[in-house]
Amino acid sequence: LELVRLDGEQATRAVELIHNVPVYRLRGRLLPLVWLSEVLQVGQRADLTRPGTHPVLNIAVLQAEQHRF
């Protein structure tokens, strides 16, 4: 549906945990996050909490039937 790019402090604040599940709030709607690097078992996901880093988060918003993620 769309691509969202977050970097720096925006990336560190954007991801929320709800019941230990990472989510991103896009225009008031909570979208569960699936880390592509983990699904494909390549590389490591960015540590959004490590101080002194400038993480970049690219989010591909997808829809399957009525569910967005």
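Coordinate-derived values only; no laboratory data. Predicted model, so just to flag it, every value in this text is computed and none were measured. In this analysis, Cβ positions are derived from the backbone assuming ideal geometry, glycine residues included, and neighbour counts consider all displayed protein chains.
Just a few scattered comments:
- Stretchable slack from Ile18 to Leu62, in nm (0.36 nm times residue separation minus alpha-carbon distance): 13.9 nm
- Our coupling estimate for the range 25-35, obtained by passing each phi through the Karplus curve with A = 6.51, B = -1.76, C = 1.60 and θ = phi - 60°, is 8, 10, 6, x, 9, 7, 10, x, 9, 10, 7 Hz, Gly and Pro reported as x.
- Size-normalised alpha-carbon gyration radius of the chain, reference 2.2 N^0.38 Å: 1.12
- Neighbour count of at most 13 Cβ within 10 Å plus DSSP loop: longest trypsin sites (Lys or Arg not before Pro)-free window in the chain: 1-26
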